[in-house]
Amino acid sequence: MDKKISAVLLVGCLGALGMSSYAGAVPAPTYSDSSRTDNRVYAGLSWSWGNKQGLKPDYIVGFRSLHVDSDNSVQGGDINLRVKYNHGFVLGDARLAYVNGKRDFVGNYGGGYSFMNRSIFGTVAGQGSYYRFGGDYYFKNHDFKPYVEINTLEKPDREQPKVTVFTPPPV
């Protein structure tokens, strides 16, 4: 009789702790952050104000590498070269920028060197899919030049969170 009461109490305690619910129950999935790297080569056209070329754009080729998290945040780097066309192709400038933000809109913060002005410059820009707008500050002649750019960069693909299903050990 004591063994039956002990067995019933043990099963009741295990049931109260949720241990018996594992028999035949489907465990709930859990989600964890995941990330990946998005690398893209791109090309574009850029128009600068205060440029002696008038409405002729600069040609851009570049490479962007972003670390994309499942919460839509991104960070990484962008390097590009601008080429001017003025009675022939001339290397305009090279720039390197840190990229940070969300998938839909990121900021670019960095610097570069202008081969035309023989000057280093700082650059700040905002970027969405297929466009970038910003400004460059040239330290040699204390000149600020805003610009608008169209390019082949679209927002990075969404990263899905990892799904993990807990499977209890056999009882």
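Read-outs: derived from the displayed coordinates by stated rules, not from any lab. Predicted, not measured: the structure shown is a model, and the values here were computed from it. Glycine gets a Cβ as well: all are built from the backbone with ideal geometry, and neighbour counts include every protein chain shown.
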| field | Rounded to the nearest 20 debye, dipole of segment 44-155 from Cβ charges on Lys, Arg, Asp, Glu | value | 360 debye
| task | Quote to one decimal, in nm, the extra length available between Tyr98 and Phe139 on full extension: 0.36 nm per residue of separation minus the C-alpha distance between them. | result | 12.8 nm
| remark: Taking Lys and Arg as +1 and Asp and Glu as -1, residues besides Gly110 with C-beta under 13 Å from its C-beta add up to 0
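What FRET efficiency, computed as 1/(1 + (r/R0)^6) with R0 = 35 Å and r the Cβ-Cβ distance, is obtained for Val171 and Ser70, rounded to the nearest 0.05? Working shown, then result.
Working: r = 34 Å, r/R0 = 0.96.
With R0 = 35 Å, the Cβ-Cβ based efficiency is 0.55.
For Val124, what charge total do you get from the other residues with a beta carbon under 14 Å from its beta carbon, if Lys and Arg give +1 and Asp and Glu give -1?
0
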| note | Scoring only Lys, Arg, Asp and Glu (+1, +1, -1, -1) among other residues with Cβ under 12 Å from the Cβ of Thr37 yields -1
| task | Give, in nm to one decimal, the length gained when the segment between Ser129 and Thr152 is fully stretched (0.36 nm per residue of separation minus the Cα-Cα distance). | result | 7.5 nm
